[in-house]
Structure formats: structure tokens, C-alpha cells
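Accompanying notes for the structure given below.
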Amino acid sequence: MDHNEILVFDTGPLRHFATNGWLGALKAVVGGRQAFIPDTVITELRRSASADSSIQTVLEADWLEHRALQTAEELAAFGRFAGLLVRGTRNVGEAGVLALAAVSGGTAVIDDGAARQAARVAGVPFRPTLALLCEAIRDGLLTVSLVSALVDDLLGGSYRLPFRAGDFAHWAADNGLLDQPEVESSPGSPA
């Protein structure tokens, strides 16, 4: 784990971890790294918090730094990513995450396939949430059994993952995610 790394979180992981009671585990995974959420994600979280009060915990978490996209470079990057991703009101958060990660030199924490493809094309480092969890297992912060329970809860709450409940350990082993780091800025991620 690189303690100088900046992680820029998308709405999906934060919302699902909060609604399923696992936000503390995500905080442990972040550890001493900086964790940013752009204003585009804050807007999406506020909208969701009106329907589910557990999401308010994300907005109040002191380990997540709220960052407004405001410099010319950030706004230009947002415009580029919005052109690739935004359809109506969809993917605005992802465009903000990729813009902030690109400009800050951070790593985008995104699970959406279209956003991951945009990150690949633009050369923005990213990690899917599952890769962060596997990294935490390799670093001894979390156990396979804890992450298995966590992802099973996420699956029960409609989070889309590339395996069924009970299959995390097998999937992670098959993809070599418990043996090697999973940071990507080019094609080929199994996560």
C-alpha cells in the first residue's frame, strides 16, 4: 500500500458500503491514504441520502475529503470525461471522479465498466472496489472470510459483482488477486 496515494471515490462503492453497514471496513482499507470525493459525487450522495439516511454517514465521514471541481484544469478534464460518459443525468459522478483523479494524480475507485474504459483510454490509474479489498487482504488488514461476508452483503443489496454470493474466495484466487497488486492504467484487469 502506498500511503501517499490519493484515492478518488465514486458514488457506487460509498453508497453500497454505507447502506450495507460496511463503511468502517472501507475506511480501514483506505488507511493512511487520502480519500477524495468530488462535488459531482457529493451531489449524487445527497440525492440518495434523502431516500436512505444511512448514506448521510458518507457525507459526514471525516476521512473523506470533499473536493469541488473548480480549477480550469479540473473543469476541462470534467468536460472531456463528461463527453465520453454522461448520458442525461447518468455517469456525472464517474466523470467527476476521473477528472479529479487525472488532475490530482490520484487513483479513481470506480466499478462502472464505461468509466473504467474511459480511464484506460485516458491513462488515468484506477482500481475497482474488489481490487482494493483484495489489496487489504494481502496487506493483512482484512481476511478472506470477512471480505466474503462483506461482498455477500453487497450482493444482497443489489451491488453487481462478477460472481455469486459465496464465490468471492474462488473468484479472487482464479484471478490471482490475492497474490499481486491490482492497479491498472492499461487494458487487462480481471476485476
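Some notes on this structure:
- Across the stretch 13-58, the number of residues qualifying as assigned to a strand (DSSP E or B) and hydrophobic (A, V, I, L, M, F, W, C) comes to 3.
- With respect to the conditions (1) more than 21 Å from Leu45 (Cβ to Cβ); (2) at pLDDT 95 or above; (3) over 15 Å from the mean Cα position of the chain (by Cα), Gly176 lacks only one, and its number is (2).
- Of Ala131, Ala169, all but one fail to be more than 25 Å from Arg46 (Cβ to Cβ), surrounded by 18 or more Cβ atoms within 10 Å (Cβ to Cβ) and touching a residue at least 12 places away in the same chain (Cβ under 8 Å); the exception is Ala131.
- Within this structure, Thr107 passes the test of being touching a residue at least 24 places away in the same chain (Cβ under 8 Å) and either under 18 Å from Gly79 (Cα atoms) or of a type outside the set (D, E, K, R) (or both).
- Condition check for Leu100: closer than 30 Å to Phe78 by Cα, touching a Gly at 6+ places or on another chain (Cβ under 9 Å) and buried (at least 18 other Cβ atoms within 10 Å of the Cβ): yes
- Residue check, Leu178 in contact with a strand residue (DSSP E or B) (Cβ under 9 Å, 6 or more places away or on another chain) and either closer than 18 Å to Gly113 by Cα or surrounded by 12 or more Cβ atoms within 10 Å (Cβ to Cβ) (or both): no
- The condition of being in contact (Cβ under 8 Å) with a residue 12 or more places away in the chain, hydrophobic (A, V, I, L, M, F, W, C) and in contact with a Lys or Arg (Cβ under 6 Å, 6 or more places away or on another chain) holds for only one of Leu69, Leu7, Leu26, that being Leu7.
- Residue that is farthest from the chain's Cα centre (by Cα), among those in the stretch 1-12 that are modelled with pLDDT of 95 or more and not in a helix (DSSP H, G or I): Ile6
- The residues in the stretch 62-85 that are buried (at least 18 other Cβ atoms within 10 Å of the Cβ) and under 27 Å from Leu155 (Cα atoms) can be counted, and the count is 2.
- Annotation: Asp112 fulfils all but one of (1) among the acidic types (Asp, Glu); (2) out of contact with any helix residue (DSSP H, G or I) (no Cβ under 6 Å at 6 or more places or on another chain); (3) modelled with pLDDT under 95; the unmet one is (2).
The values are calculated or read from the model by the stated rules, or taken from the named source; none is laboratory data. Being a predicted model, the structure only gives us computed values, none of them experimental. Using ideal geometry, Cβ is built from the backbone for each residue, glycine included, and neighbour counts are taken over all protein chains shown.
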